[in-house]
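The values are calculated or read from the model by the stated rules, or taken from the named source; none is laboratory data. These figures come from a predicted structure and were not determined experimentally. Every residue, glycine among them, receives a Cβ derived from its backbone with ideal geometry; neighbour counts consider all protein chains shown. Heads up: the accessible areas ignore ligands, DNA and RNA and are worked out on the full protein's heavy atoms, side chains in. Shrake-Rupley method; radii C 1.70, N 1.55, O 1.52, S 1.80 Å.
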Amino acid sequence: MVQQDLDYVALNRETWNEDAENWVVAGEKSWAAEVPEWGQWGIGDADVSLLPSTMEGLRAIELGCGTGYVSRWMERRGASVVGIDMAENQLATARRLATEYGSQIEWIHGNAEHVPYPDGSFDFATSEYGAALWCDPYRWVPEAARLLKPGGHLTFLTNSPMVTTCYPLNGAAADYTLVRPYFGQHIFDWSDVEIDPGGVEFNLAISDWFSLFRTSGLEVLDFRELQAPETATGIPFAVPAEWAKRYPSEIVWKLRKSG
Ligand SMILES: C[S@@+](CC[C@H](N)C(=O)[O-])C[C@H]1O[C@@H](n2cnc3c(N)ncnc32)[C@H](O)[C@@H]1O
């Protein structure tokens, strides 16, 4: 599915280890948040939530947990939680905050495309810009489905496959020109771009996401395209707020494992 010579897992691990210090403050703020806010526009939990309002008794996993705040939100709603991430420096922040908050979350250092848990171990799996963006969908989605019990839920939030078509080739912020093909999109290698080089990201055309869910045994419960609120400003994560008020820059999927 991916160019054989591109070791995107190693590249992303290095990128995230180097960048981890820049995520500490945001992680601390989100651990302290009483009510979750989602995605790059901080959309309120009442408008879009990746989590059920109560998770009492559920066994949950966050795939690509970073500083672990989504894991914490799940724990606060009653779930027993596992967070997996392959950047040890991100996990160091998660572990420190977990100690400060008296959290019982289990942290795993590893690749979310191959989770060391048996089939059907979880009731719920989620990712906010973790595996959802940085793992190959053809690997992590079937893996998430494998980890779920029949009837278990997978939710995730990532970039829209529309904004990816408007990313200039040099790494500049999205603009109003369709630069890249929509159909067949899969891998976005930012390691060698002129402006703000980074790691390797993934996305699919909406019809390809649907097809992948079908072959992975996941049924779609909800699909949302997120619009930046009127109050949004600036160009966070290379998406101008004005762009994201007119076009969807982020998407949310809610899925259920068949059976
Ligand atoms: C933007 S963070 C998302 C997590 C969380 N929502 C946050 O903002 O802290 C992306 C995370 O995905 C992790 N990641 C990237 N590739 C991964 C992989 N193959 N397996 C596990 N984690 C991965 C990175 O290490 C990083 O911590």
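Spatially, region 79-127 and region 1-65 are offset by 11 Å when compared through their Cα centroids. What the chain shows is 45 Å² of accessible area per residue, with the surface traced by a 1.4 Å probe over protein heavy atoms. Taking a straight Cα-Cα cut-off under 17 Å and skipping sequence neighbours fewer than 8 places away in the same chain, the aspartates and glutamates within cross-link reach of K257 are E62, D119, D123, E143, E219, D222. Under 29 Å of direct C-alpha separation, and excluding same-chain neighbours fewer than eight residues apart, K245 reaches these lysines: K29, K254.
Under unit Cβ charges (Lys, Arg +1; Asp, Glu -1), what dipole magnitude, rounded to 20 debye, does the chain have relative to its Cα centre?
For this selection, approximately 880 debye.
Would you please classify the overall shape of region 40-90 from the alpha carbon gyration tensor, given that a ≥ b ≥ c denote the square roots of the eigenvalues, rounded means a/c under 1.5, and beyond that prolate means a/b larger than b/c while oblate covers the rest? It is oblate, given that a/c is not under 1.5 and a/b is not larger than b/c.
Would you mind counting up the charge near I251? Only other residues with Cβ under 9 Å from its Cβ, with Lys and Arg at +1 and Asp and Glu at -1.
With Lys, Arg at +1 and Asp, Glu at -1, the net is -1.
Given axes a ≥ b ≥ c from the Cα gyration tensor, I'd like to know whether region 1-53 is rounded (a/c under 1.5), prolate (a/b larger than b/c) or oblate. Because a/c hits 1.5 or more and a/b fails to exceed b/c, region 1-53 counts as oblate. In the assembled protein chains, I61 presents an accessible area of approximately 0 Å² (probe radius 1.4 Å). 3J(HN,Hα) couplings calculated from phi for region 198-215 with the Karplus curve 6.51 cos²θ - 1.76 cosθ + 1.60 (θ = phi - 60°) are, in sequence order, x, x, 10, 10, 9, 7, 9, 4, 4, 5, 6, 4, 4, 5, 5, 4, 4, 6 Hz; Gly and Pro show x. Computed from phi, the 3J(HN,Hα) profile of region 246-256 under the Karplus parametrisation 6.51, -1.76, 1.60 (θ = phi - 60°) reads 9, 9, x, 9, 9, 10, 10, 10, 10, 10, 10 Hz, with x in place of Gly and Pro. Taking only protein heavy atoms and a 1.4 Å probe, the accessible area of region 73-113 is 47% carbon and sulfur. Placing a label point 7 Å from the Cα of E219 along the Cα-to-Cβ direction, the residues of region 128-161 with a backbone N closer than 11 Å are 151.
Here the 3J(HN,Hα) profile of region 68-80, calculated from phi with Karplus coefficients 6.51, -1.76 and 1.60 at θ = phi - 60°, is x, 6, 5, 4, 5, 4, 5, 4, 5, 8, x, 7, 9 Hz, Gly and Pro shown as x.
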